[in-house]
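Everything below concerns the one structure shown next.
Computed from the coordinates by the stated procedures, all read-outs in this text should not be read as laboratory data. Predicted model only: the values in this text are computed from it and were never measured. Here the Cβ positions follow ideal geometry from the backbone for every residue, glycine too, while neighbour counts run over all protein chains shown.
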């Protein structure tokens, strides 16, 4: 797998716990679920992640099977996700059914509640929905 994809921490991101955690989660997830590598390789988008309670933000830049994680919000991400750290972690627990996130079990309902309450915001979600679905498939531990 290592030759097919790469996850790089850009300068300044190597000391961010969130960046390291996302790198480790993705690499472990792709190693254990090689069928997700195709979705990873198809991602060609910059995604911002803002976690106010941890006072951290990063940009995940996907291109040609390489994810580079930058500190802060770099450039103009097509999707920006803003949420508390517990909700960010919960996103990886959403199950998939038929390749789509499944929101009808406990983990899924918690994400829906977070969206409806405004605790989870996803700017650009509608216009870049296919990329968001691919990201969900890649990030899900299921």
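Say R0 is 30 Å: what FRET efficiency, to the nearest 0.05, do residue 112 and residue 66 get from their beta-carbon distance? Each step should come with its number before you reach the end.
Values: r = 32 Å, r/R0 = 1.07.
E(calc), rounded to 0.05, equals 0.40.
If you count, for each residue, the other Cβ atoms within 10 Å and average over each peptide, how do 43-53, 5-15 line up from highest to lowest? Mind showing how you got there, number by number?
Working: 43-53: 18.3, 5-15: 14.9.
Highest to lowest by the protection proxy: 43-53, 5-15.
Percent antiparallel among DSSP beta bridges with both residues in the stretch 6-139, to the nearest 5?
Working: 18 of 26 bridges.
Beta bridges within the stretch 6-139, antiparallel portion: roughly 70 percent.
Given the -39500 (n - 2.57) contribution per DSSP H run of 4+ residues, what per-residue ellipticity at 222 nm results for the chain, rounded to the nearest 500 deg cm²/dmol? Write down the numbers at each step before the final one.
Numbers: 5 runs with 52 residues, N = 142.
Mean residue ellipticity, 222 nm, calculated: -11000 deg cm²/dmol.
For residue 85 and residue 31, what is the calculated FRET efficiency with R₀ set at 22 Å and r taken between the beta-carbons, to the nearest 0.05? Present the calculation step by step, with values, prior to reporting the outcome.
Numbers: r = 24 Å, r/R0 = 1.10.
Result of the calculation: an efficiency of 0.35.
Rounded if a/c is under 1.5, else prolate if a/b is larger than b/c, else oblate: which is the stretch 65-104, with a ≥ b ≥ c the root eigenvalues of its Cα gyration tensor? Display every interim value, and only then the final one.
Values: a/c = 2.41, a/b = 1.64, b/c = 1.46.
Judged from the Cα gyration tensor, the stretch 65-104 comes out prolate (a/c at least 1.5, a/b above b/c).
Given axes a ≥ b ≥ c from the Cα gyration tensor, I'd like to know whether the stretch 50-142 is rounded (a/c under 1.5), prolate (a/b larger than b/c) or oblate.
Details: a/c = 1.73, a/b = 1.23, b/c = 1.41.
It is oblate, given that a/c is not under 1.5 and a/b is not larger than b/c.
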